[in-house]
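Enquirer: Can you keep this structure in mind? I'll have questions shortly.
The values are calculated or read from the model by the stated rules, or taken from the named source; none is laboratory data. All values reported here derive from a predicted model rather than from experimental measurement. Note that we place each Cβ from the backbone using ideal geometry, even for glycine, and neighbour counts take in every protein chain shown. Just so you know, the surface numbers come from the protein's heavy atoms only, side chains and all, with ligands and any DNA or RNA stripped out. Shrake-Rupley method; radii C 1.70, N 1.55, O 1.52, S 1.80 Å.
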Amino acid sequence: MTTGSTSTSTSASGDAISTFKGEERALRADRLGTGGLLLSVLAATAPLMVVAGVMPTTFAVMGIVGQPLLFVVLGVVLILFSVGYAEMSRHVHNAGAFYAYISRGLGGTAGAGAALVALVAYNALQVGIYGIFGFEVSGLLATYAGLDVAWWIPALLAVLAVGTLGWLKIDVNARVLGVLLLIEVALVVVFDIAAVADPGAEGLSLHAFNPDTLTGAGVGTALCFCVAAFLGFEQAPVYAEETSRPHVLVPRVMFLAVGGVAVFFALSSWALTVATGPGRIVGTAREQSAGLLFFLTGSRLGDTFTDVLHVLFVTGMFAALLSFHNVVARYAFAMGREGLLPAAFGRTSGTSGAPGTGSLLQSAVSAVVVIGFAVADDKPAGDPTQPVLHLFTWGGNIGALGVILLMAAASFSVVAFFVRRGAAAAQGVRLATSVVAGVALLVIAGYTVKDFDVLVGAGPDSALSWVLPGIIGLAAVGGVVQGLILRSRAPERHARIGQGNEAFQLDKAASS
């Protein structure tokens, strides 16, 4: 009797430990609904940063008047991508998203390569924003408070604030992101209405939607600028484990995000052309640079509105920082859970259920990079703003290239996944759209690499034109090598790549 009791007690204890470990290795479900998930992914698009920064740069550098039409074209391409990507999300629920999908379609070794690319790319996107964030906050303090503060001080304070929020429940993060996002979107919409109500000398012209405006050598590079504005919608599957009905919510949010972003940015870039006149938009953008939006709101909506817009420009960047931080932390969590990073990364923290170790990793990387650029900024030679601008442009374009390549690989992995399952006929339309999207994304990636010197503002003979995109190449090669080593030396760990909670459930079944 005693033996039986002890056995039962031990079994119960083992179950408790197993359950406890199971909770540590799984993100908390039911934390996000449609609204929370949509706001979390849309915050990464930083709409005000795109309208005030990306759009004027594209007009000025590329001289392409038809930027609104480019957003429509890219919206169509990304909706085609989302058709297969969304269908995949119904079958695979994993915080590793891209690399999980690629693993399921193209194998664990390819998945390992994609995992490291994703980790590097999203880190680069997030860290790059700290440069422009610190620069803008420093400017605001100088203008409105008369304080001379080095850019890296607000940047490091933002690292601390973002890292702290990253440890909280994801639904708390979603509320913070939602408030910031909705306010900045509302202000951009106010400008759009004001521009249409008070157009430039050429009147309410639709010339920017004319296909003839997409001619010239700059179109391919303009695509690279514009596709970066969409980045964020593809993050929806990263939160799949934290939703109540991932097979319903994730596809819904992706289509809402892509469609909404395409319409919003097409209309907002068109409003810029209306405000100046299509014939003057390129020249005005070159004169005003990143001040174009504020120049146009000042004359139409007054100084107070423009001052508020400056502040929201900064808070919108903070929302993007937090959104990308959450994504990086979840990729690190998924990689730790599946043996691609140390096991400590595959644990959630405390009562929040957040991937705390992954959050710490991202914060540490951010702090190190910001400090490195701050040291460079203290050198007496050269323009002191260059390290800040380099941090933003280098990080943003490295990250964008990585995500574009991940989307292309994910498109082809969707095809392989359903072909392997014998569902090619049933999924024929989705597979066809995935192939079209994959080819289109590879073309955009090709233009990105070809014109990288333009994207980062380097000369055509600069080593940066191959060193910076080479970072993504090194990440891909490093991940593939890790996958090959695992397949040779630890096949059981290799088999777990991309499996997420399913692999953990198999572990529990095998040990019981």
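Enquirer: Taking the stretch 412-428 as the search range and keeping residues that are loosely packed, with under 15 Cβ neighbours inside 10 Å and in contact (Cβ under 8 Å) with a residue 12 or more places away in the chain, which one is nearest to Met62 (Cα to Cα)?
Expert: In this case the residue turns out to be Val419.
Enquirer: Identify all residues within the stretch 329-343 that are free of Cβ contacts under 8 Å to residues at least 12 places away in the same chain and hydrophobic (A, V, I, L, M, F, W, C); write none if there are none.
Expert: Answer for the stretch 329-343, where residues must be free of Cβ contacts under 8 Å to residues at least 12 places away in the same chain and hydrophobic (A, V, I, L, M, F, W, C): Leu341, Ala343.
Enquirer: Within the stretch 153-160, can one find any residue that is open to solvent by less than 70 Å² (accessible area, probe 1.4 Å), more than 30 Å from Val282 (Cβ to Cβ) and not in a helix (DSSP H, G or I)?
Expert: No - not one qualifying residue is present in the stretch 153-160.
Enquirer: So the check is Cβ under 6 Å with 6+ separation or different chains; which pairs have a first residue in the stretch 305-328 that's under 11 Å from Ala43 (Cβ atoms) and a second one that's among the aromatic types (Phe, Trp, Tyr) and in a helix (DSSP H, G or I)?
Expert: Final answer for the pair search is Met317/Phe133; Phe324/Tyr122; Val327/Tyr122.
Enquirer: Does Val51 qualify as being out of contact with any strand residue (DSSP E or B) (no Cβ under 6 Å at 6 or more places or on another chain), closer than 25 Å to Met254 by Cβ, open to solvent by 30 Å² or more (accessible area, probe 1.4 Å) and in a helix (DSSP H, G or I)?
Expert: Here the answer is no, as Val51 does not meet what is asked.
Enquirer: Another one. Filter the stretch 431-472 down to the residues that are more than 24 Å from the chain's Cα centre (by Cα) and touching a residue at least 40 places away in the same chain (Cβ under 8 Å) and list them by number.
Expert: Hit for the stretch 431-472 is Leu431, nothing else.
Enquirer: Just to be sure, is Phe191 in contact with a helix residue (DSSP H, G or I) (Cβ under 6 Å, 6 or more places away or on another chain), buried (at least 21 other Cβ atoms within 10 Å of the Cβ) and not charged (D, E, K, R)?
Expert: So Phe191 fits the description; yes.
Enquirer: Just a yes or no: is a residue in the stretch 440-460 modelled with pLDDT of 85 or more, among the hydrophobic types (A, V, I, L, M, F, W, C) and within 22 Å of Ala343 (Cα to Cα)?
Expert: no
Enquirer: Then there is this: Filter the stretch 346-363 down to residues that are part of a loop (DSSP other than H, G, I, E, B) and open to solvent by 10 Å² or more (accessible area, probe 1.4 Å) and give me whichever is modelled with the lowest pLDDT.
Expert: Here the residue is Ser352.
Enquirer: Just checking, which of Gly111, Gly139 is closer than 27 Å to Phe318 by Cβ and either touching a residue at least 40 places away in the same chain (Cβ under 8 Å) or surrounded by fewer than 22 Cβ atoms within 10 Å (Cβ to Cβ) (or both)?
Expert: So the residue among Gly111, Gly139 that is closer than 27 Å to Phe318 by Cβ and either touching a residue at least 40 places away in the same chain (Cβ under 8 Å) or surrounded by fewer than 22 Cβ atoms within 10 Å (Cβ to Cβ) (or both) is Gly139.
Enquirer: Same structure, new question: What single numbered condition from (1) more than 23 Å from Leu38 (Cα to Cα); (2) in contact with an Asp or Glu (Cβ under 7 Å, 6 or more places away or on another chain) fails to hold for Leu69?
Expert: The number of the failed condition is (2).
Enquirer: Okay, moving on. Could you list, in sequence order, the residues of the stretch 445-484 that are of a type in the set (D, E, K, R) and either open to solvent by 50 Å² or more (accessible area, probe 1.4 Å) or over 18 Å from Thr393 (Cα atoms) (or both)?
Expert: Lys450, Asp461 - these are the residues of the stretch 445-484 that are of a type in the set (D, E, K, R) and either open to solvent by 50 Å² or more (accessible area, probe 1.4 Å) or over 18 Å from Thr393 (Cα atoms) (or both).
Enquirer: Of all residues in the stretch 76-120, which are assigned to a loop (DSSP other than H, G, I, E, B) and not charged (D, E, K, R)?
Expert: Selection gives His91, Val92, His93, Asn94, Ala95, Gly96, Gly107.
Enquirer: For Ser244, indicate whether it is under 14 Å from Phe59 (Cα atoms) and touching a residue at least 60 places away in the same chain (Cβ under 8 Å).
Expert: no
Enquirer: Another question, if that's okay. Tell me, please, whether a residue that is of a type in the set (Gly, Ala, Ser), on the phi > 0 side of the Ramachandran plot and surrounded by fewer than 22 Cβ atoms within 10 Å (Cβ to Cβ) can be found in the stretch 58-73.
Expert: So far as the stretch 58-73 goes, yes, one or more of its residues are of a type in the set (Gly, Ala, Ser), on the phi > 0 side of the Ramachandran plot and surrounded by fewer than 22 Cβ atoms within 10 Å (Cβ to Cβ).
Enquirer: Any residue that is in a loop (DSSP other than H, G, I, E, B), out of contact with any His (no Cβ under 8 Å at 6 or more places or on another chain) and at pLDDT 85 or above - is there at least one of those in the stretch 56-63?
Expert: Yes, the stretch 56-63 has at least one match.
Enquirer: Shifting gears a bit: Of the numbered conditions (1) buried (at least 24 other Cβ atoms within 10 Å of the Cβ); (2) within 17 Å of Glu242 (Cα to Cα); (3) touching a Leu at 6+ places or on another chain (Cβ under 7 Å), Ala275 fails exactly one; give the number of that condition.
Expert: (2)
Condition check ((1) more than 17 Å from the chain's Cα centre (by Cα); (2) aromatic (Phe, Trp, Tyr); (3) closer than 27 Å to Ala445 by Cα) across all residues:
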| residue | (1), (2), (3) |
| --- | --- |
| Ser205 | yes, no, no |
| Gly218 | yes, no, yes |
| Phe230 | no, yes, yes |
| Leu249 | yes, no, no |
| Phe255 | no, yes, yes |
| Ala262 | no, no, yes |
| Thr276 | yes, no, no |
| Leu309 | yes, no, no |
